[in-house]
Amino acid sequence: MIYKIVSKNFDIKDSFTLEVAKKNGVYQSIDKAFKRPPYQIESEVEKSGLRGKGGGGALAGAKWCLVSSSNETSYLVINADESEPGTFKDRQILEFDPHLLLEGMILTAYAIGAHDTYIYIRGEYSALAKRLNEAINEAYKDGILGEKVKGFNYRVDITIHRGAGAYICGEKSALIESLEGNRGHPRLKPQHPSPEYYFNKPTLVNNVETIATVPFIINEGAEAYRSFGTSKSPGTLLFGISGHINNPGIYELAFGESMQEFINTLGGGIKNGKKLKAVIPGGASTPILSAKEVKVAKLDYESMKEIGSALGTGGMIIMDEDTCMVSALKNLLSFYHHESCGQCTPCREGTSWVDGIIKNMLIGKAQKDDIELLSDISQTMNGKTICVFAPAVSMVIDAFILRFRDEFEAYIHKGDLDD
Amino acid sequence: MCMVEIEGKKRPQIACDTAIKKDMVVNTKNESINAVKRDILELELLSHPVYCAICDQAGECSLQDYYMDFALAKSRRAKEEKSIKIKNSILEEISF
């Protein structure tokens, strides 16, 4: 089940130092890549079918094309603002193999014609930013970064920019706003496919794991990457599992495995021998699955969409039979209420309103038509905002009400009895 | 509040950022788009103090105009839950 493409060096002692990284194959792809023209690197990534690993799952090659096809100065930005609840995969790369990320950044910068690159790292990851900084310093000293990458006539410079604790800055246009020095308010997306713009220059924004996969694709070839996973979702993903499970952690699996089997074997089964009740499959913003759907769920983008959920970042949150679903929803809604940036009225007011309704429900003050009200507000939040934060909240609420309606009704009856 | 319905597209679109195309048919006032505007207005007024009697903007206020055009409905949030904060300035201590 486990195929170590990105996590190959995680268990080696001192894998984050340049010396050990080089001994284990890091930076070997650079010599291969710089002997070929940039468009060949891009087309190799396109052929591999690599999909973005930040939760969206869009084809990486197509995204690269939007930036590389322009003649202006372009930039590369790595999105290391990992704030989705339940997701802790990018920090493994930053902690145990930062040089793999730097190698990927050099290859990507060469492919799209960028020289200045940025890593936007989450503010809370201060220790990891320090480690990343040390890795970059080692690389500069060794001549891997700077005016001439490893002696080739191409400049790549990396700057680390630390965030300040906002979940919304993981959204790519809000990230660029924050990088430009403004408030992290997402921008309106144009109707046609277009790249992001950092100070009006085309910019590529990709997730840490996506870029850390590029060295493998250049070293082994696109076909080797396609040999893992399914035809529409090729390759591997660092799946995370946490919650009421015996073996929480990160496991790099090929796409297409059965979720139930993963939970039972590598996951070790539910803690304390309890029964499974629900799984949030891909980080908090994906619709929740009940135990019935988990039995037929497969871990790839298409299968998850078919059963009405989404793969997201692959960070599974396991809930056992003793979990109260209304409390779980309250936990999520407090998070969303706090993290809404406030630009669009439906999101700003909607998240605060639903948070208040669930809070009242939990203290026994539920009103008779609260469930219909929640569904109504969730309708208003969907499709009328600038970014996809509010639609994500709307889908979360809808999924909870659809699959666990009886628990909400129980709170309403309890509220009626107490009056 | 600028949501409009464009024939051929299933969801309502925002008028302020959608480019005009030839032969485009745009509906600005019908049952479904009015319902959308009513819902959004409910959210706009959710945390609004609604002190029209003593507010300077009364009479020249877009919120009042939109309410008369699209809503004329009661809010579904209890009045006690609106967050009404007391102003910081003390009016009586102005000395002349």
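At 222 nm, what helix-only mean residue ellipticity would chain A give, in deg cm²/dmol to the nearest 500, using -39500 (n - 2.57) for each DSSP H run of four or more?
Details: 18 runs with 189 residues, N = 419.
Helix contribution divided over all residues of chain A: -13500 deg cm²/dmol.
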task: Bin width 5 Å, alpha-carbon pairs only: give the P(r) of the stretch A:327-398 as whole percents, running from 0 to the bin holding the largest distance.
output: 3, 19, 31, 26, 14, 6, 1, 0
query: Taking N as the number of residues in the stretch A:189-286, what is its alpha-carbon radius of gyration divided by 2.2 N^0.38 Å?
result: 1.43
query: Once amide H atoms are built 1.01 Å from N in the peptide plane, which residues 5 or more positions from A:Gln343, or in another chain, come under 5 Å H to H?
result: none
- line: Mean-square fluctuation maximum in Gaussian network of chain A, Cα pairs under 10 Å, restricted to A:Leu332, A:Leu76, A:Leu132, hits A:Leu332
At R0 = 30 Å, FRET efficiency that the Cβ-Cβ distance of A:Glu72 and B:Asp23 yields, to 0.05: 0.30
query: Principal axis lengths of the stretch B:3-76 from Cα atoms, whole Å, largest first?
result: 47, 25, 17
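Would you please name the GluC sites (Glu not before Pro) within the stretch A:152-194 that are DSSP coil residues with at most 15 other C-beta atoms within 10 Å of their C-beta? Walk me through the numbers before you get to the answer.
Numbers: sites: A:Glu171, A:Glu177, A:Glu180; in loops: A:Glu171, A:Glu180.
Filter output for the stretch A:152-194: A:Glu180.
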- prompt: What residue among A:Tyr167, A:Tyr197, A:Tyr120 has the largest mean-square fluctuation in a Gaussian network model of chain A, using Cα springs under 10 Å?
  reply: A:Tyr197
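What FRET efficiency do you get for A:Glu19 and A:Ala224 if R0 is 35 Å and r is their Cβ-Cβ distance, rounded to the nearest 0.05?
Values: r = 27 Å, r/R0 = 0.77.
With R0 = 35 Å, the Cβ-Cβ based efficiency is 0.80.
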- prompt: Cα to Cα, under 25 Å, and not fewer than 8 places away if on the same chain: which lysines meet these conditions relative to A:Lys271?
  reply: A:Lys89, A:Lys292, A:Lys295, A:Lys298, A:Lys330
task: State the Cα centre-to-centre distance between the stretch A:371-394 and the stretch A:162-186 in whole Å.
output: 22
Lysines with Cα under 25 Å of B:Lys21, excluding same-chain neighbours fewer than 8 positions away: A:Lys189, A:Lys384, B:Lys9, B:Lys10, B:Lys29, B:Lys37
field: Semi-axis lengths, Å, the stretch A:18-226, gyration tensor of Cα atoms, sqrt of 5 times eigenvalues
entry: 24, 21, 17
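Projected area of the stretch A:232-347, taken from the Cα convex hull and averaged over every viewing direction, in nm²? Working shown, then result.
Numbers: hull surface 32.1 nm².
Spelled out: convex hull of the Cα atoms, projected over all directions, averaged, 8.0 nm².
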query: A:Ile160's amide H: which non-local residues (gap 5+, or another chain) put their own amide H closer than 5 Å, with H modeled 1.01 Å from N in plane and none for Pro or chain starts?
result: A:Ile119
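Restricting to DSSP loop positions (anything but H, G, I, E, B) with no more than 12 other Cβ atoms inside 10 Å of their own Cβ, which trypsin sites (Lys or Arg not before Pro) remain in the stretch A:14-94?
On the way: sites: A:Lys22, A:Lys23, A:Lys32, A:Lys35, A:Lys47, A:Arg51, A:Lys53, A:Lys63, A:Lys89, A:Arg91; in loops: A:Lys35, A:Lys53, A:Lys89.
Of the trypsin sites (Lys or Arg not before Pro), the ones in loops of the stretch A:14-94 whose Cβ has at most 12 other Cβ atoms within 10 Å are A:Lys35.
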message: Only bridges whose two residues both fall in the protein assembly as shown count here: according to DSSP, what percent of them are antiparallel, nearest 5?
response: 50
- prompt: Helix A:98-112 versus the longest principal axis of chain A: what angle, 0 to 90°, nearest 10, using Cα atoms?
  reply: 70
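Magnitude of the Cβ-charge dipole of chain A, K/R +1 and D/E -1, about the Cα centre, nearest 20 debye?
Working: 46 positive and 53 negative charges, 156 e Å.
Result for chain A is approximately 760 debye, rounded to the nearest 20.
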- request: Please work out the Cα center distance from the stretch A:52-108 to the stretch A:189-241, rounded to the nearest Å.
  value: 7
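In the stretch A:253-335, which GluC sites (Glu not before Pro) fall in coil by DSSP and have 12 or fewer other Cβ atoms within 10 Å? Working shown, then result.
Details: sites: A:Glu257, A:Glu261, A:Glu293, A:Glu302, A:Glu306, A:Glu321; in loops: A:Glu257, A:Glu321.
In loop regions of the stretch A:253-335 (DSSP not H, G, I, E or B), the sparsely surrounded GluC sites (Glu not before Pro) are A:Glu321.
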statement: Filtered hits (lysines, Cα-Cα < 25 Å from A:Lys148, offset >= 8 within chain) -> A:Lys22, A:Lys23, A:Lys32, A:Lys35, A:Lys130, A:Lys201
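State the extension gain, in nm to one decimal, for the chain segment bounded by A:Asp322 and A:Met1, taking 0.36 nm per residue of separation less the distance between their alpha-carbons. Please list the in-between numbers first.
Working: separation 321, 0.36 × 321 = 115.56 nm, distance 3.00 nm.
Gain in length upon complete extension: 112.6 nm.
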- request: Could you tell me, in Å, what Rg and Dmax come out for the Cα atoms of the stretch A:150-229?
  value: 16.2, 43
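Take the alpha-carbon positions of the protein assembly as shown, form their convex hull, and give its projected area averaged over all directions (one quarter of the hull surface) in nm². Write out the running numbers ahead of the final one.
Details: hull surface 124.2 nm².
So the Cα hull casts an average projection of 31.1 nm².
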query: Using a Gaussian network for chain A with springs between C-alpha atoms less than 10 Å apart, which of these wobbles most: A:Val208, A:Val279, A:Val77?
result: A:Val279
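Only the coordinates and a few stated rules stand behind these numbers; no lab work does. For clarity, every value in this text was computed on a predicted model and none was experimentally measured. Cβ coordinates were reconstructed from backbone atoms using ideal geometry, including for glycine residues, and neighbour counts include every protein chain displayed.
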